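Below: the structure, in structure tokens.
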Amino acid sequence: MPPPIEPPAGRLIGIGVGPGDPELLTLKGLRAMRAAPVVAYPAPLEGASFARTIVAQWLDAGQREIALRFPTRPGPPLPEMLYDAAATTLAAALDTGADVALLCQGDPLFYGSFIPIWARLAGSYRTEIVPGVSSLSAGAAAARFALVRGDATLCVVPATLPEAQLEARLVTAESAVVVKLGRHLATVRAILLRLGRLDGALCVERASLPDERVLPLAAVTADVAPYFSLALVPHR
Ligand SMILES: C[S@@+](CC[C@H](N)C(=O)[O-])C[C@H]1O[C@@H](n2cnc3c(N)ncnc32)[C@H](O)[C@@H]1O
């Protein structure tokens, strides 16, 4: 007897769901998500997934959902074994022949937790990526901040870098965006003050969400910023 014919494996579709406002989900992302029999998303160890919350109104009860649980950030980089486990879970779903939509807040390829999972699966499965509106775009729009114009360059840095490295990058940067501000807010503020670049720098919290705030960074007295916040530093 010939062996039974296995169904072809499903596709992994990374979908950027945007910075928070459901209206910033793309039409393509919405269509791809609704067509997928399985919808996966990162979630904290307990509680709701932010990526899922953004698209909740369009999920169908017939779709299988997979919450990939990770310890809440901020903190040290996640152990690689957590991404191994997430990839194994998704591989099992893909092996049934089902397409799996993996939701990612913002854009999947901009500091997305999608990247390490995709890297583990891309060699074995067909993959597609639907870009999303990143926090970079949403933060700039919230602050009415022109990121770059003409021949200028933009430096994007995570505040999680060691202080000396962060400062070295900001010394040479024209325009800059500092993501992952969180508990590094005071350090970033001190570096920009030393470099004479605090004036004009802005802090954007929760861009595109109802409680969005845009403040001069110099006026933010707290030492810790919300998880969803970034700093915009204008060209000198
Ligand atoms: C792990 S990165 C994910 C970025 C996401 N993939 C994107 O495209 O924006 C998380 C960081 O992005 C920034 N971020 C994401 N969404 C944001 C928002 N709505 N408002 C301000 N910053 C945001 C914050 O700096 C946050 O610490």
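The values are calculated or read from the model by the stated rules, or taken from the named source; none is laboratory data. Not measured: the values here are computed from a predicted model. When we count neighbours, we look across all protein chains shown, and the Cβ atoms used for this are built from the backbone with ideal geometry, even at glycine. Ligands, DNA and RNA are stripped out before the accessible areas are found, and what is left, the full protein with its side chains, is counted by its heavy atoms. Shrake-Rupley method; radii C 1.70, N 1.55, O 1.52, S 1.80 Å.
So the values come out like this:
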| read-out | value |
| --- | --- |
| Residue match in the stretch 170-182 (condition: touching a residue at least 12 places away in the same chain (Cβ under 8 Å), β-branched (Val, Ile, Thr), outside any helix (DSSP H, G or I) and in contact with a Lys or Arg (Cβ under 9 Å, 6 or more places away or on another chain)) | no |
| Within the stretch 204-224, considering residues that are open to solvent by less than 40 Å² (accessible area, probe 1.4 Å) and of a type in the set (Val, Ile, Thr), the one nearest to the ligand (Cβ to nearest atom) | Val204 |
| Selection from the stretch 188-214 of residues that are over 20 Å from Pro158 (Cβ atoms), among the aliphatic types (A, V, I, L, M) and in a strand (DSSP E or B) | Val214 |
| Some residue of the stretch 93-115 being under 24 Å from Val214 (Cβ atoms), among the β-branched types (Val, Ile, Thr) and open to solvent by less than 60 Å² (accessible area, probe 1.4 Å) | no |
| Residue, surrounded by the fewest Cβ atoms within 10 Å (Cβ to Cβ), within the stretch 155-203, restricted to residues that are of a type outside the set (A, V, I, L, M) and under 12 Å from Ala218 (Cα atoms) | Gly196 |
| Matching residues, the stretch 16-60, being over 24 Å from Glu212 (Cα atoms) and open to solvent by less than 50 Å² (accessible area, probe 1.4 Å) | Ala32, Met33, Ala36, Val38, Val39, Ala40, Leu59 |
| Complete set of residues in the stretch 67-91 that are surrounded by fewer than 19 Cβ atoms within 10 Å (Cβ to Cβ) and either in contact with a Pro (Cβ under 6 Å, 6 or more places away or on another chain) or under 23 Å from Gly20 (Cβ atoms) (or both) | Ala67, Arg69, Phe70, Pro71, Thr72, Arg73, Pro74, Gly75, Leu78 |
| Subset of the stretch 81-123 (residues that are away from the ligand (no atom under 16 Å from the Cβ), in contact with a helix residue (DSSP H, G or I) (Cβ under 8 Å, 6 or more places away or on another chain) and not hydrophobic (A, V, I, L, M, F, W, C)) | Asp84, Asp99, Arg120 |
| Selection within the stretch 225-236 - open to solvent by 40 Å² or more (accessible area, probe 1.4 Å) and away from the ligand (no atom under 12 Å from the Cβ) | Pro234, His235, Arg236 |
| Close pairs (6 angstrom Cβ cut-off, 6 or more residues apart or separate chains): of a type in the set (Lys, Arg) and modelled with pLDDT of 95 or more in the stretch 1-24, open to solvent by less than 100 Å² (accessible area, probe 1.4 Å) and not in a strand (DSSP E or B) anywhere | Arg11/Asp99 |
| Pairs with Cβ under 8 Å, 6+ apart, first in the stretch 107-121 and of a type in the set (Lys, Arg), second in a loop (DSSP other than H, G, I, E, B) and more than 13 Å from the ligand (Cβ to nearest atom) | none |
